[in-house]
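Peer 1: First, the structure itself, so that you have it in front of you.
The values are calculated or read from the model by the stated rules, or taken from the named source; none is laboratory data. For clarity, every value in this text was computed on a predicted model and none was experimentally measured. Cβ placement follows ideal geometry from the backbone for every residue including glycine, while neighbour counts extend to all protein chains displayed. The accessibility values were calculated without ligands, DNA or RNA, using every heavy atom of the protein model including side chains. Shrake-Rupley method; radii C 1.70, N 1.55, O 1.52, S 1.80 Å.
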Amino acid sequence: MEGADPSSLANKVAKVAGSINPGEAASPASLGMAAGASVLETVKELAKDNDSSKEKNQVQPGLSGPLKKRIQQLVDSNPVMLFMKGTPEEPKCGFSRKVVVVLNEERVKFGSFDVLSDSEVREGLKKFSNWPTFPQLYCKGELLGGCDIAIAMHESGELKEVFKDHGIDTTNEAKEKESGNGKGGISKSTDLSTTLSSRLESLVNSSAVMLFMKGKPDEPKCGFSRKVVEILQQENVPFESFDILTDEEVRQGLKVYSNWSSYPQLYIKGELIGGSDIVLEMQKSGELKKNLHEKGILPAETIQDRLKNLIASSPVMLFMKGTPDAPRCGFSSRVADALRQEGLNFGSFDILTDEEVRQGLKVYSNWPTYPQLYYKSELIGGHDIVMELRNNGELKSTLSE
């Protein structure tokens, strides 16, 4: 296991194990399969040794009573509750957007909370759930997981079964009308005339990469539009654009068509990617270029080319488990802290999000473990080397030569 607290894991599995009788299936939201008797006995012993209660497992030390109560009320405020960055209509990260799309495709009503609007809830919920990242999806007060788990459960049909088992309606026609076909948040709303819908669809599909912006690429009329143009140019992406300031009908109609209330809007092969924040995040994570390669818009990229580009994406580049704000292992956490303590700016890549990068970088660098720290595309080393450089007072000078 990586990124798991043994005590917490033992208690969670023991909790599930205690409710399983011979011949009775495990809860799909918890295990997905029944564990062997020897495993369950071992976990029960671990739970006993750790002497951790269910409450300790759910709420970590450091969470005040009033905040705990407030978070519990938020979690229980809707049968299906999503804690995300942004809102369903305007997500602020690609992972949050993907979970919104999943829930729309499931045709389920859900409540949401923008964790960017309240830092106390944002940090407190990490301790409450023992889950360090967002989005977080809950069903009847129980944490299902984040983006990857929600997508996997959706694709396997398991998510629909969980909602069904908890008596949650997944056939609401009003929700279906709002969510449209679920691809990129596009909604074929009846509020649009047939003529306008046809025109918008034609515009969206007029180029493999289509940007609806304020102004033109060589003369943007807002900073957000300028940023997306710069990103596409940096990635050498051929694209067409439409100046929404020149056509009020398109400007207002596209908001309804896409169920996206602001500009710019970037489409790839007719699917909405999002606005400037999402495009920027996708570029930083490498997801944008990967998407463009998969759709045949950019020529196929070898893993060596991709690794070179990732390593060179920042003068100081850290490949780690998790992110600097939410590390998923102690070694990665200590290296990120060391860099910040030295006042160094650095880029990072979460190798847990991409198995190809994770395995490929081991071969590319001839270094079998993580984290890995690079300076100007040269490998500095892993945890032990970074700690030694810091202790000797050489870390900052090494990364500033």
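Peer 1: Quick one: in segment 254-268, which of the residues that are crowded, with 18+ Cβ neighbours inside 10 Å and touching a Lys or Arg at 6+ places or on another chain (Cβ under 8 Å) is nearest to residue 355 (Cα to Cα)?
Peer 2: 268
Peer 1: Could we say that residue 356 is open to solvent by 80 Å² or more (accessible area, probe 1.4 Å) and farther than 25 Å from residue 133 by Cα here?
Peer 2: Details: open to solvent by 80 Å² or more (accessible area, probe 1.4 Å): yes; farther than 25 Å from residue 133 by Cα: no.
Taking the combined requirement at face value, the residue does not satisfy it.
Peer 1: Based on what the data block shows, is residue 298 surrounded by fewer than 20 Cβ atoms within 10 Å (Cβ to Cβ) and not polar (S, T, N, Q)?
Peer 2: Numbers: surrounded by fewer than 20 Cβ atoms within 10 Å (Cβ to Cβ): yes; not polar (S, T, N, Q): yes.
Judged against the criteria, residue 298 is a match.
Peer 1: Can I ask one more? Tell me, please, whether a residue that is part of a helix (DSSP H, G or I) and surrounded by fewer than 22 Cβ atoms within 10 Å (Cβ to Cβ) can be found in segment 133-145.
Peer 2: Just the residues of segment 133-145 that are part of a helix (DSSP H, G or I), to begin with: none.
Scanning segment 133-145, I find no residue that is part of a helix (DSSP H, G or I) and surrounded by fewer than 22 Cβ atoms within 10 Å (Cβ to Cβ), so the answer is no.
Peer 1: Considering only segment 312-330, state which residues are open to solvent by 20 Å² or more (accessible area, probe 1.4 Å) and either closer than 23 Å to residue 122 by Cβ or out of contact with any strand residue (DSSP E or B) (no Cβ under 8 Å at 6 or more places or on another chain) (or both).
Peer 2: Of everything in segment 312-330, those that are open to solvent by 20 Å² or more (accessible area, probe 1.4 Å) and either closer than 23 Å to residue 122 by Cβ or out of contact with any strand residue (DSSP E or B) (no Cβ under 8 Å at 6 or more places or on another chain) (or both) turn out to be 312, 321, 323, 324, 325, 327, 328, 329, 330.
Peer 1: Please specify each residue of segment 331-353 satisfying the condition of being open to solvent by less than 40 Å² (accessible area, probe 1.4 Å) and more than 17 Å from residue 286 (Cβ to Cβ).
Peer 2: Passing the criteria: 332, 333, 335, 336, 338, 339, 344.
Peer 1: Take residue 309 and tell me if it is of a type outside the set (D, E, K, R), open to solvent by 40 Å² or more (accessible area, probe 1.4 Å) and within 30 Å of residue 236 (Cα to Cα).
Peer 2: yes
Peer 1: Do you know which residues across segment 157-168 are in a helix (DSSP H, G or I) and over 16 Å from residue 98 (Cα atoms)? Show your work before the answer.
Peer 2: Kept after step one, since they are in a helix (DSSP H, G or I), are these residues of segment 157-168: 158-165.
If the condition is that a residue be in a helix (DSSP H, G or I) and over 16 Å from residue 98 (Cα atoms), then 158, 160, 161, 162, 163, 164, 165 are the ones that fit.
Peer 1: Here's another thing I want to ask about it. Which residue out of 218, 243 is of a type in the set (D, E, K, R), more than 22 Å from the chain's Cα centre (by Cα), more than 23 Å from residue 97 (Cα to Cα) and crowded, with 17+ Cβ neighbours inside 10 Å? Steps first, please.
Peer 2: Values: 218 fails: crowded, with 17+ Cβ neighbours inside 10 Å.
Matching residue, one of 218, 243: 243.
Peer 1: Continuing with the same structure: Suppose we filter segment 106-128 for residues that are open to solvent by 10 Å² or more (accessible area, probe 1.4 Å) and either out of contact with any Ser or Thr (no Cβ under 7 Å at 6 or more places or on another chain) or part of a loop (DSSP other than H, G, I, E, B) (or both); how many remain?
Peer 2: Adding up the residues that qualify gives 14.
Peer 1: Moving on to the next point. Could we say that residue 399 is more than 26 Å from the chain's Cα centre (by Cα), in contact (Cβ under 8 Å) with a residue 60 or more places away in the chain and open to solvent by less than 60 Å² (accessible area, probe 1.4 Å) here? Break it down into steps so the answer makes sense when it comes.
Peer 2: Details: more than 26 Å from the chain's Cα centre (by Cα): yes; in contact (Cβ under 8 Å) with a residue 60 or more places away in the chain: yes; open to solvent by less than 60 Å² (accessible area, probe 1.4 Å): yes.
Yes: the conditions hold for residue 399.
Peer 1: I've got another one for you. For segment 233-269, which residues satisfy the criterion of being free of Cβ contacts under 8 Å to residues at least 24 places away in the same chain and assigned to a helix (DSSP H, G or I)? I'd like the intermediate steps shown before the answer.
Peer 2: Taking segment 233-269 as the starting set, the residues that turn out to be free of Cβ contacts under 8 Å to residues at least 24 places away in the same chain are 233, 246-248, 251-252, 255.
Within segment 233-269, 233, 246, 248, 251, 252, 255 meet the criteria.
Peer 1: Quick check on this structure: which one of 305, 218 is more than 30 Å from residue 335 (Cα to Cα) and either among the acidic types (Asp, Glu) or in contact with a Phe, Trp or Tyr (Cβ under 7 Å, 6 or more places away or on another chain) (or both)? First the steps, then the outcome.
Peer 2: On the way: 305 fails: more than 30 Å from residue 335 (Cα to Cα).
Result of the check over 305, 218: 218.
Peer 1: Counting only residues that are among the basic types (Lys, Arg) and part of a helix (DSSP H, G or I), which one in segment 71-101 is surrounded by the fewest Cβ atoms within 10 Å (Cβ to Cβ)? Lay out the reasoning, then the answer.
Peer 2: Applying the first criterion (among the basic types (Lys, Arg)) to segment 71-101 yields 85, 92, 97-98.
Keeping just the survivors that are part of a helix (DSSP H, G or I) gives 97-98.
Working: 97: 26, 98: 17.
The residue in question is 98.
Peer 1: Across segment 221-236, what is the number of residues that are within 20 Å of residue 261 (Cα to Cα), open to solvent by less than 100 Å² (accessible area, probe 1.4 Å) and not charged (D, E, K, R)?
Peer 2: First, the residues of segment 221-236 that are within 20 Å of residue 261 (Cα to Cα): 221-229.
Keeping just the survivors that are open to solvent by less than 100 Å² (accessible area, probe 1.4 Å) gives 222-223, 225, 227-229.
Right, trim to not charged (D, E, K, R) and you get 222-223, 225, 228-229.
Of the residues in segment 221-236, 5 are within 20 Å of residue 261 (Cα to Cα), open to solvent by less than 100 Å² (accessible area, probe 1.4 Å) and not charged (D, E, K, R).
Peer 1: Pull up segment 135-185, narrow it to residues that are over 19 Å from the mean Cα position of the chain (by Cα) and among the aliphatic types (A, V, I, L, M), then point me to the one that is modelled with the lowest pLDDT.
Peer 2: Checked segment 135-185; the qualifying residue modelled with the lowest pLDDT is 174.
Here's the yes/no breakdown for (1) modelled with pLDDT under 55; (2) over 27 Å from residue 281 (Cβ atoms):
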{"site": "36", "(1), (2)": "yes, yes"}
{"site": "66", "(1), (2)": "no, yes"}
{"site": "76", "(1), (2)": "no, yes"}
{"site": "85", "(1), (2)": "no, no"}
{"site": "91", "(1), (2)": "no, no"}
{"site": "95", "(1), (2)": "no, no"}
{"site": "106", "(1), (2)": "no, no"}
{"site": "110", "(1), (2)": "no, no"}
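Peer 1: In addition: Being more than 24 Å from residue 94 (Cα to Cα), assigned to a loop (DSSP other than H, G, I, E, B) and free of Cβ contacts under 8 Å to residues at least 60 places away in the same chain, is that true of even one residue in segment 318-337?
Peer 2: Looking through segment 318-337, none of the residues is more than 24 Å from residue 94 (Cα to Cα), assigned to a loop (DSSP other than H, G, I, E, B) and free of Cβ contacts under 8 Å to residues at least 60 places away in the same chain.
Peer 1: Checking residue 287 against (1) under 24 Å from residue 300 (Cβ atoms); (2) acidic (Asp, Glu); (3) over 27 Å from the mean Cα position of the chain (by Cα): exactly one of these is not met. Which one?
Peer 2: (3)
Peer 1: Something else: Taking the criterion of being of a type outside the set (Ser, Thr, Tyr) and under 17 Å from residue 199 (Cα atoms), would at least one residue in segment 274-286 satisfy it? Give the derivation first.
Peer 2: Kept after step one, since they are of a type outside the set (Ser, Thr, Tyr), are these residues of segment 274-286: 274-275, 277-284, 286.
Imposing the further condition that a residue be under 17 Å from residue 199 (Cα atoms) reduces the set to none.
Checked against the condition, which is being of a type outside the set (Ser, Thr, Tyr) and under 17 Å from residue 199 (Cα atoms), segment 274-286 yields no hits at all.
Peer 1: Looking at (1) open to solvent by 10 Å² or more (accessible area, probe 1.4 Å); (2) modelled with pLDDT of 85 or more, find the lone condition where residue 279 falls short.
Peer 2: (1)
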